[in-house]
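Working notes for the structure below.
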Amino acid sequence: MIWSLVKIIIFVVAVAALALGAGWLLEAEGGIRIIVGGVERTLDPLLSVIALILLVLAIWIGLKVLGLLVAFWKFLNGDETAISRYFARNKASKGFDALAEGMMALASGEGRLALAKAEKADKYLNRPELTNLLTAQAAELAGDHKKAEETYRKLVQNDATRFVGVRGILKQKLADGDTDTALQLAQKAFALKPKHEDTQDVLLQLQADNEDWSGARQTLSAKLKHGHMPRDLHKRRDAVLALSEAKKIFEADQTIEARETAIAANKQSPDLIPAAVMAAHSYIDQGQKKYAVRVLKKAWQVQPHPDLAAAYAAIEPAETPAERLKRFAQLTRTQPNDPESRMLMSELNIAAEDFPAARRALGDLFETDPTTRSAALMAAIERGQGASDAVVQGWLARALSAPRGPQWVCDNCQNIQAEWTPTCTNCASFDTLSWKRPPSADLAMPGGTEMLPLLGAKPNDEPEDVVVVVEEPTADVIEAETLDSPSK
């Protein structure tokens, strides 16, 4: 409101000043005398001022016209002028409109339309760092992989777009199944942008698939360094990679390095069962049985597993069944109610020919947690106690339809494996195998479940009592063999 009043006052003052000035000029005497071609003309003061203003205006218009003529001449000679800038702005506007339309077509899945708009944008803009990316992605969507790869290679030649080009070719090689080239491209992309999380994940997966465990550990460390992985998860997965590296070293007969790597893997993740088993065998080979016992007990306390029991048995391979039963009691007392502990103690009592103790150790496990293994143990106990063939066969028949119990199951695709591996054999996911019950029908038996022939046989002697062997089936078939034994 105040500002509007101020503007009105200024306008009134200006008009009054002009009126006063015009009145003064009208009343003033004298003027300007102009002689042109012998013609004399005298202008009074007011007309003189008006003439002066018109002269200034004419000069200004003349200069503008002259400037326009000069600009037109420069335009004809190819120099940048206001005219050329006008056409350039018009051209850029059309180019950016085409670029926007191409991006919208790409987002809506119209590959051919996006490709056409990309070509139009490239024609108007001449900005390959912008249009080449749209062209490559549009060509991929339209199924023109050759053009897409050619465009990505153009992006690689520019420092500003090299990473985008490398990643584009990497995606194409992955789609084509060329993992060797994809691994090299992933390493190049990682070198260009080590902080890029998706590149880290792709490189880690390719290195794991290629069994480059050392390189995978470096990539994993980069994920931790740049904040893309929690420290506890990094520690676990680094242990998995260290274990895989130890296995590879072991296969190459470099036993000392394998032992050290296996022990290091176990220290990083004591609950990793394969690492505990390999570390225990490393200590056994070095004659450090006390350390092997400590490793296996710690792992058993977290997750009882048949492979741990097998490694624990290897510590004293020449002991009698009674000695083994006494020693294993120290292992299972940390998890006495776990099904694995109960079945293990039942097996050891069967090997020691103490069938009542074997039944007590097993208890009502088959009723509360029925598995093929617990049913086979009941068949062995019944035979050892002198039960009829019908009773034994009844338990074996139950074993045919009972669940197989915990196995190595992939958390990602639910694939079941007989042995642990760092990556799933079905979906290639890294560190997704867990020892648990499968959510559906069982398909495989872990090798460690054949505990009777492994733990029950006397050293350097043939088995003298009942042994029920549950073999790994190939078509969900369980074969049980009962050897002759005296009735109790």
Query - Matching option when the condition is assigned to a helix (DSSP H, G or I) and either of a type in the set (A, V, I, L, M) or farther than 15 Å from Ser346 by Cα (or both), among Ala299, Ala318 - result: Ala299
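Give segment 392-414 a look and list any residue that's of a type in the set (D, E, K, R) and either surrounded by 19 or more Cβ atoms within 10 Å (Cβ to Cβ) or in contact with a helix residue (DSSP H, G or I) (Cβ under 9 Å, 6 or more places away or on another chain) (or both), or say none.
Narrowing segment 392-414 to residues of a type in the set (D, E, K, R): 398, 404, 411.
Those that are of a type in the set (D, E, K, R) and either surrounded by 19 or more Cβ atoms within 10 Å (Cβ to Cβ) or in contact with a helix residue (DSSP H, G or I) (Cβ under 9 Å, 6 or more places away or on another chain) (or both): Arg398, Arg404.
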Query raised in the report: Does Ala160 qualify as being of a type in the set (Gly, Ala, Ser), touching a Gly at 6+ places or on another chain (Cβ under 8 Å), in a helix (DSSP H, G or I) and closer than 26 Å to Phe96 by Cα?
Result: no
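Would it be correct to say that Gly78 is exposed (fewer than 10 other Cβ atoms within 10 Å of the Cβ) and modelled with pLDDT under 75? Break it down stepwise before answering.
On the way: exposed (fewer than 10 other Cβ atoms within 10 Å of the Cβ): yes; modelled with pLDDT under 75: yes.
Yes; evaluated as a whole, the condition is true for this residue.
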Requested in this report: Return a yes/no flag: does segment 163-184 have any residue that is closer than 26 Å to Ala208 by Cβ, assigned to a loop (DSSP other than H, G, I, E, B) and touching a His at 6+ places or on another chain (Cβ under 9 Å).
Outcome: no
Report summary line: Within segment 234-268, of all residues that are surrounded by fewer than 20 Cβ atoms within 10 Å (Cβ to Cβ) and among the polar types (S, T, N, Q), the one modelled with the lowest pLDDT is Gln254
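Among Arg359, Arg342, which is the only one that is touching a Leu at 6+ places or on another chain (Cβ under 8 Å), under 28 Å from Thr371 (Cα atoms) and at pLDDT 90 or above?
On the way: Arg359 fails: touching a Leu at 6+ places or on another chain (Cβ under 8 Å).
So the residue among Arg359, Arg342 that is touching a Leu at 6+ places or on another chain (Cβ under 8 Å), under 28 Å from Thr371 (Cα atoms) and at pLDDT 90 or above is Arg342.
Could you please find all residues in segment 187-215 being within 22 Å of Val156 (Cβ to Cβ), under 13 Å from the mean Cα position of the chain (by Cα) and either of a type in the set (Ser, Thr, Tyr) or in a helix (DSSP H, G or I) (or both)?
Of the residues in segment 187-215, the ones within 22 Å of Val156 (Cβ to Cβ) are 187-203, 206.
Narrowing further to those that are under 13 Å from the mean Cα position of the chain (by Cα): 196-203, 206.
Within segment 187-215, Glu197, Asp198, Thr199, Gln200, Asp201, Val202, Leu203, Leu206 meet the criteria.
Could you go through segment 369-391 and let me know if any residue there is in contact with a strand residue (DSSP E or B) (Cβ under 8 Å, 6 or more places away or on another chain) and buried (at least 19 other Cβ atoms within 10 Å of the Cβ). First the steps, then the outcome.
Step one: filter segment 369-391 for residues in contact with a strand residue (DSSP E or B) (Cβ under 8 Å, 6 or more places away or on another chain), giving none.
No - not one qualifying residue is present in segment 369-391.
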Requested in this report: Go through (1) in contact with a Lys or Arg (Cβ under 9 Å, 6 or more places away or on another chain); (2) in a helix (DSSP H, G or I) one by one and return the number of the condition Thr334 breaks.
Outcome: (2)
Query raised in the report: Of the residues that sit in segment 312-349 and are within 23 Å of Gln286 (Cα to Cα) and among the small types (Gly, Ala, Ser), which one is surrounded by the fewest Cβ atoms within 10 Å (Cβ to Cβ)?
Result: Ala318
Query raised in the report: Is it the case that some residue within segment 265-282 is in a helix (DSSP H, G or I), among the aliphatic types (A, V, I, L, M), more than 28 Å from Pro370 (Cα to Cα) and without any contact (Cβ under 8 Å) to a residue 24 or more places away in the chain?
Result: yes
Requested in this report: Identify, from the list Ala175, Ala222, the residue that is surrounded by fewer than 22 Cβ atoms within 10 Å (Cβ to Cβ) and either closer than 20 Å to Ser244 by Cα or in contact with a Phe, Trp or Tyr (Cβ under 8 Å, 6 or more places away or on another chain) (or both).
Outcome: Ala222
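The values are calculated or read from the model by the stated rules, or taken from the named source; none is laboratory data. Because the structure is predicted, anything quoted here is derived from the model rather than measured. Glycine gets a Cβ as well: all are built from the backbone with ideal geometry, and neighbour counts include every protein chain shown.
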